[in-house]
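Some notes on the structure that comes next.
The values are calculated or read from the model by the stated rules, or taken from the named source; none is laboratory data. Computed from a predicted model, the values in this text were never measured in an experiment. Cβ placement follows ideal geometry from the backbone for every residue including glycine, while neighbour counts extend to all protein chains displayed. Remember, those area values only see protein heavy atoms, side chains included, never the ligands or the DNA or RNA. Shrake-Rupley method; radii C 1.70, N 1.55, O 1.52, S 1.80 Å.
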Amino acid sequence: MKRYCTIISLALFAGLFIYLFYRTQHTVVNIMLDKLSYGNALAAILYIRKHFLLPEFVIYNLPEALWVFAATLVSKHLFIKLGRKNIHLAWTPLCYAVLLEFLQLLHWMPGSFDWLDILPSFAFTLCAVYFIKCPLQTQQLLGKFNYRTFFFIYIYAIVFLSHVSI
């Protein structure tokens, strides 16, 4: 269980690191950092950017794939019941990411459509679904509110924090 949670946490922290230090200062998480640091975070951001160069792919495409990976692991062995059907949620993060990309393609959301956002997300989903064993029991998401329900909601809230607000 510890290993499983560590993998999820590392994926989320790596994505957060990239967002905080390499992405636009107009994302919600960067605006929050600026407010919490009383404007003092900019010097650290500029230092990191100058001394630790990252390829554009890592900056612009990897964070979404890391979020999809972590969200897929959180969603494994969770399902919702619709009538007599159980809808398993492991593929939900990938579907959500693809939906957001197509909404950008249609110009219904800010941003631009990019296949290089979808392909790594798909690859990371396959890794999460097929190569990492989930130590948790299968559970209905809405059956009872517990830490798994909380983390499922929490991990989707992270998408809001990466949203560009301006």
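I want to confirm something. Restricting to segment 142-154 and keeping residues that are under 14 Å from Leu73 (Cα atoms) and touching a residue at least 60 places away in the same chain (Cβ under 8 Å), which single residue is most open to solvent (accessible area, probe 1.4 Å)?
Phe151
Out of segment 79-91, which residues are out of contact with any strand residue (DSSP E or B) (no Cβ under 6 Å at 6 or more places or on another chain) and open to solvent by less than 50 Å² (accessible area, probe 1.4 Å)?
Ala90, the sole residue that qualifies.
Output the residue which, of all residues in segment 1-38 that are basic (Lys, Arg) and more than 18 Å from the chain's Cα centre (by Cα), is modelled with the lowest pLDDT.
Taking the candidates together, the pick is Lys35.
From the list Leu105, Leu73, Leu42, exactly one residue is on the phi < 0 side of the Ramachandran plot and either of a type outside the set (A, V, I, L, M) or modelled with pLDDT of 95 or more (or both). Which is it?
Leu73
Take Phe102 and decide whether it is under 24 Å from Ile18 (Cα atoms), open to solvent by 60 Å² or more (accessible area, probe 1.4 Å), touching a residue at least 60 places away in the same chain (Cβ under 8 Å) and not charged (D, E, K, R).
no
Looking at the structure I just gave you, is Ile18 surrounded by 13 or more Cβ atoms within 10 Å (Cβ to Cβ), out of contact with any Cys (no Cβ under 9 Å at 6 or more places or on another chain), touching a residue at least 12 places away in the same chain (Cβ under 8 Å) and farther than 26 Å from Gly111 by Cβ?
no
What do you reckon, is Phe113 modelled with pLDDT of 90 or more and either farther than 21 Å from Arg148 by Cβ or within 15 Å of the chain's Cα centre (by Cα) (or both)?
So Phe113 fails the test.
Given the conditions (1) in contact (Cβ under 8 Å) with a residue 24 or more places away in the chain; (2) exposed (fewer than 13 other Cβ atoms within 10 Å of the Cβ); (3) out of contact with any helix residue (DSSP H, G or I) (no Cβ under 6 Å at 6 or more places or on another chain), report the number of the one that Phe131 does not fulfil.
Failing condition for Phe131: (1).
It is to be established whether one or more residues within segment 112-121 are free of Cβ contacts under 8 Å to residues at least 24 places away in the same chain, in a helix (DSSP H, G or I) and of a type in the set (Asp, Glu).
no
Since Gln137 meets every condition but one in (1) outside any helix (DSSP H, G or I); (2) open to solvent by 100 Å² or more (accessible area, probe 1.4 Å); (3) within 25 Å of Thr24 (Cβ to Cβ), which condition does it not meet?
(3)
Would you check if Leu94 is open to solvent by less than 50 Å² (accessible area, probe 1.4 Å), in a helix (DSSP H, G or I) and in contact with a Phe, Trp or Tyr (Cβ under 8 Å, 6 or more places away or on another chain)?
yes
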